[in-house]
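Heads up, the thing below is written out as structure tokens.
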Amino acid sequence: MDILAVGAGGFIGAVLRYLIGKIHISENTVFPIKTFAINVIGCLAIGVITVLAAKNTNIDQKWILFLKVGLCGGFTTFSTFALETTDLIKGGHMGIAFLYTILSIIVGCAVIFGVELLAGK
């Protein structure tokens, strides 16, 4: 049942992300505004879900999985990245949070550049 909850949420999150991506915005800049908006909305959503789940322990864990892992994860994994980084900072692991942030950005971009290089792009 947990897998179905995550899968259903992921489906909805992915479809929402796709639909937001289809919204026509007159973009006069190279700044990826739709992706930025998706990431901010995902962070807001996972933050609200986390706070509400912590305050109300009666919420069925399948709903938490559906919302946090499924919906937010399908919508944007950036929300999970931001939550994990925030948890590291709150837990007193500032160095690890910094390392995680920097490595995620640098290694992620380097892997994409590497794959494109290997593909001759």
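The values are calculated or read from the model by the stated rules, or taken from the named source; none is laboratory data. What you see is a predicted model; the values in this text were computed from it and never measured. Don't worry about glycine lacking a Cβ; one is built from the backbone with ideal geometry, like all the others, and counts go over all protein chains shown. Only protein heavy atoms, including side chains, enter the accessible area calculation; ligands, DNA and RNA are left aside. Shrake-Rupley method; radii C 1.70, N 1.55, O 1.52, S 1.80 Å.
The table that follows gives values for the structure above.
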read-out: The chain: angle of helix 33-55 to the longest principal axis, Cα-based, in degrees nearest 10; value: 20
read-out: Three-way shape call for the chain based on the alpha-carbon gyration tensor, with the a/c threshold at 1.5; value: oblate
read-out: Prolate/oblate/rounded label for the stretch 1-63 (Cα gyration tensor, a/c 1.5); value: oblate
read-out: Anchor residue 34: lysines whose Cα lies under 18 Å away (excluding residues fewer than 8 positions away in-chain); value: 22
read-out: Nonlocal amide H pairs with residue 93, under 5 Å, H built at 1.01 Å; value: none
read-out: Residues of the chain: accessible area per residue with a 1.4 Å probe, Å²; value: 71
read-out: Accessible surface of the stretch 1-75, 1.4 Å probe, proportion on carbon and sulfur as whole %; value: 72
read-out: Choice from 65, 19, 88 showing the highest fluctuation, given a GNM over the chain with Cα pairs closer than 10 Å; value: 19
read-out: Distance between modelled label sites at residue 102 and residue 89, nm, 7 Å Cα→Cβ extension; value: 1.6
read-out: Rounded to the nearest 10 Å², the accessible area of residue 71 at probe 1.4 Å; value: 40
